[in-house]
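One structure is given below, encoded as structure tokens.
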Amino acid sequence: MIKKIEGVAIITKNLNKTAYEASEYITKILSSKNIKVSFIPPFETSNFKNNSSNFTSLVNEIDLIIALGGDGTTLRAFRFHPSDIPVFSINVGGTRGILSEIKLDLIDYALDAILNGNYYYDERIRIQASLSNKLFLPALNDILLFRNNLTRTPTITLKFRDGIITQRMDGIIVSTSTGSTGHSISLGGPVVHEELNCLVINPIASINKLPSIIIPPEEIEIYSNHKLDLIIDGQDKFLVEENSTIKITRFPINARFIRLRKKGFRQLEKLGF
């Protein structure tokens with residue numbers, strides 16, 4: 001169901017002048033239409049400081065998040081809010097902008113389309129890691145587990161349903177279909193169409209050359225005899241002690257993008273094919 005936009009939050013690429021200028025331009029347009037605009041820290045514009053707020057206080061006030069930056073900014077936007085508030089991603093200063101819908105030159109067209117309800121929701125699954133009683137923020141792209149000590153190769157056990165695989169390897173990466181064009185593809189993993197609800201498991205430098213595996217989005221358990229670094233979407237890192245069991249499950253709330261038009265091979269097009 002298309003929802004009328006009454007409140008918007010903006011998140012920008014850090015320390016990027018073009019993104020900052022674009023946010024001020026968007027703010028002026030939205031404010032002229034009586035749409036409340038807020039900013040996700042650490043950014044505030046010089047002209048609209050009083051509208052900025054901590055995100056936790058914004059959840060019930062906004063209908064849309066606009067991300068101005070590359071894929072890293074979009075991933076950060078989705079980690080800031082585990083709700084189903086949609087994100088419209090504009091590639092500003094990004095290398096490929098695989099997750100983005102438009103480039104900066106189409107802002108006027110995009111805002112007009114969105115405010116007139118000419119868009120649709122593109123939902124993507126997210127995954128979440130847990131360790132004992134600790135829940136980590138959800139990942140849109142992937143969760144990476146990599147050896148903490150570069151001089152020792154851990155033995156890693158992967159458990160899915162009643163199947164168990166144990167291998168010596170440097171690490172393992174669990175990706176969503178969205179994340180199949182991230183770290184996963186650099187490890188030789190497949191590009192999975194974004195509409196498929198599945199997970200891609202890619203071993204990293206396994207001794208016996210364990211292949212990539214595509215599975216349904218169900219619970220996975222990963223166990224290592226050495227310390228691992230747990231990295232969420234390539235941005236947040238945590239230490240996992242040896243002999244600990246990490247659980248990776250589907251996050252209960254899907255991520256939502258706002259899209260202006262459907263594309264058959266969105267990911268491949270963004271990769272330059």
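The values are calculated or read from the model by the stated rules, or taken from the named source; none is laboratory data. Computed from a predicted structure; not experimentally measured. All Cβ positions, glycine included, derive from the backbone under ideal geometry; neighbour counts span all protein chains shown. SASA here: full protein model, heavy atoms, side chains in, ligands and nucleic acids out. Shrake-Rupley method; radii C 1.70, N 1.55, O 1.52, S 1.80 Å.
Taken together, V87, V92 contain a single residue that is under 13 Å from the mean Cα position of the chain (by Cα) and farther than 30 Å from L228 by Cα, which is V87.
Restricting K270, K247, K237 to those that are in contact (Cβ under 8 Å) with a residue 60 or more places away in the chain and either over 20 Å from the mean Cα position of the chain (by Cα) or more than 30 Å from Y109 (Cα to Cα) (or both) reduces the list to K247. Under the condition of being closer than 26 Å to E218 by Cβ and not aromatic (F, W, Y), which residue from segment 252-265 is least open to solvent (accessible area, probe 1.4 Å)? Per the stated criteria, the residue is A255. Within segment 135-173, take every residue that is under 29 Å from S89 (Cβ atoms) and free of Cβ contacts under 8 Å to residues at least 40 places away in the same chain and give me the one that is surrounded by the most Cβ atoms within 10 Å (Cβ to Cβ). So the residue we want is I173. Within segment 182-218, being of a type in the set (V, I, T) and open to solvent by less than 20 Å² (accessible area, probe 1.4 Å) holds for V192, V200, I201, I215.
Hey, which of the strands (runs of 3 or more DSSP E) in segment 70-154, taking only ones fully inside, have at least 3 residues that are of a type in the set (A, V, I, L, M) and within 30 Å of I215 (Cα to Cα)? Strands (runs of 3 or more DSSP E) meeting the threshold: 127-131, 142-147. Residue pairs whose Cβ atoms lie under 6 Å apart, sitting 6 or more positions apart in sequence or on different chains, and linking a residue in segment 107-125 that is farther than 21 Å from V92 by Cα and of a type in the set (D, E) to a partner that is part of a strand (DSSP E or B) and open to solvent by 30 Å² or more (accessible area, probe 1.4 Å), are E123/R256.
Going by the conditions given, is G117 farther than 26 Å from F265 by Cβ and surrounded by fewer than 21 Cβ atoms within 10 Å (Cβ to Cβ)? Against the criterion (farther than 26 Å from F265 by Cβ and surrounded by fewer than 21 Cβ atoms within 10 Å (Cβ to Cβ)), G117 qualifies. Tell me, yes or no, whether segment 192-211 has at least one residue that is hydrophobic (A, V, I, L, M, F, W, C), out of contact with any strand residue (DSSP E or B) (no Cβ under 8 Å at 6 or more places or on another chain) and farther than 23 Å from L150 by Cα. Checked against the condition, which is being hydrophobic (A, V, I, L, M, F, W, C), out of contact with any strand residue (DSSP E or B) (no Cβ under 8 Å at 6 or more places or on another chain) and farther than 23 Å from L150 by Cα, segment 192-211 yields at least one hit.
Checking segment 26-41 against the condition returns a match, with at least one residue being closer than 30 Å to A129 by Cβ and either at pLDDT 90 or above or open to solvent by 20 Å² or more (accessible area, probe 1.4 Å) (or both). Among the residues that make up segment 133-145, is at least one of them within 22 Å of G234 (Cβ to Cβ), touching an Asp or Glu at 6+ places or on another chain (Cβ under 8 Å), modelled with pLDDT under 95 and of a type in the set (F, W, Y)? Yes, there is a match, as at least one residue in segment 133-145 is within 22 Å of G234 (Cβ to Cβ), touching an Asp or Glu at 6+ places or on another chain (Cβ under 8 Å), modelled with pLDDT under 95 and of a type in the set (F, W, Y).
Please determine whether any residue of segment 70-80 is more than 23 Å from R261 (Cα to Cα) and modelled with pLDDT under 80. Checked against the condition, which is being more than 23 Å from R261 (Cα to Cα) and modelled with pLDDT under 80, segment 70-80 yields at least one hit.
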